[in-house]
Each structure stands twice: as C-alpha cells, then as structure tokens.
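Values quoted throughout were computed directly from the atomic coordinates according to the rules given, and no laboratory measurement underlies them. Nothing here was measured: the structure is a model prediction, and the numbers come from that model. Positions of Cβ are generated from backbone atoms using ideal geometry, with glycine treated the same way; all protein chains shown enter the neighbour counts.
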Amino acid sequence: MTNDIRYRFATAQIAYRFLNELKHWPVADVKTSLLDGGLVVKVRYQFDGNGFDYTLAELDEMAAKHGGSETT
C-alpha cells in the first residue's frame with residue numbers, strides 16, 4: 001500500500017531542511033516533492049499494511065523536530 005503524507009512548515013527554508021534530511025534517511029525509501037510555494041513537503045512511501053507504521057511515526061517525529069505538522 002502506498003502512503004502519502006504532507007507536512008507544513010513555517011518557511012520554505014525549514015521545509016528544504018526536512019526534505020534534505022529525507023534524502024539521506026536510512027529508515028525507508030521515500031519519494032518527496034515540494035508543494036504550496038515550498039512550505040509543504042509531500043512524502044510517499046510503501047507500507048505493507050501489517051501492524052504499526054513505524055515509518056509514519058519516524059516521519060512525524062522528524063517533522064516535529066523541524067517545527068512541521070501534518071496537513072491535508
């Protein structure tokens with residue numbers, strides 16, 4: 001199953017920092033793109049649907065570290 005999640009940040013600079021950290025992220029293979037003038041980062045990854053989604057938990061934690069939050 002493919003999961004898409006979006007995180008909003010206060011500035012484009014912070015969003016780019018988050019994006020750059022994901023480029024070298026060892027937890028999972030993720031695809032990213034910038035939206036909404038660079039303030040939103042869309043992350044796409046594969047989840048097998050079994051059990052707890054640790055990838056999502058790690059993404060949430062990393063986004064929070066950069067002051068980001070999940071958005072629709």
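Of note:
- Residue by residue, the range 64-71 carries 3J(HN,Hα) couplings of 4, 4, 9, x, x, 9, 4, 9 Hz when phi is fed to the Karplus relation 6.51 cos²θ - 1.76 cosθ + 1.60 (θ = phi - 60°); x denotes Gly or Pro.
- This ranking places 47, 52, 9, 18 by how few other beta-carbon atoms lie within 10 Å of each, fewest first, which gives 52, 47, 18, 9.
- Per-residue Karplus couplings for the range 45-58, computed as 6.51 cos²θ - 1.76 cosθ + 1.60 with θ equal to phi - 60°, are listed in order as 8, 9, 10, 6, x, 9, x, 6, 8, 5, 4, 4, 4, 5 Hz, Gly and Pro entered as x.
- Restricting the calculation to Cα atoms, the chain yields a radius of gyration followed by a Dmax of 11.5, 35 Å.
- Theoretical FRET efficiency, 1/(1+(r/R0)^6), r = Cβ-Cβ of residue 44 and residue 69, R0 22 Å, to 0.05: 0.75
- Contour minus Cα-Cα distance for residue 28 and residue 54 (0.36 nm per residue): 8.4 nm
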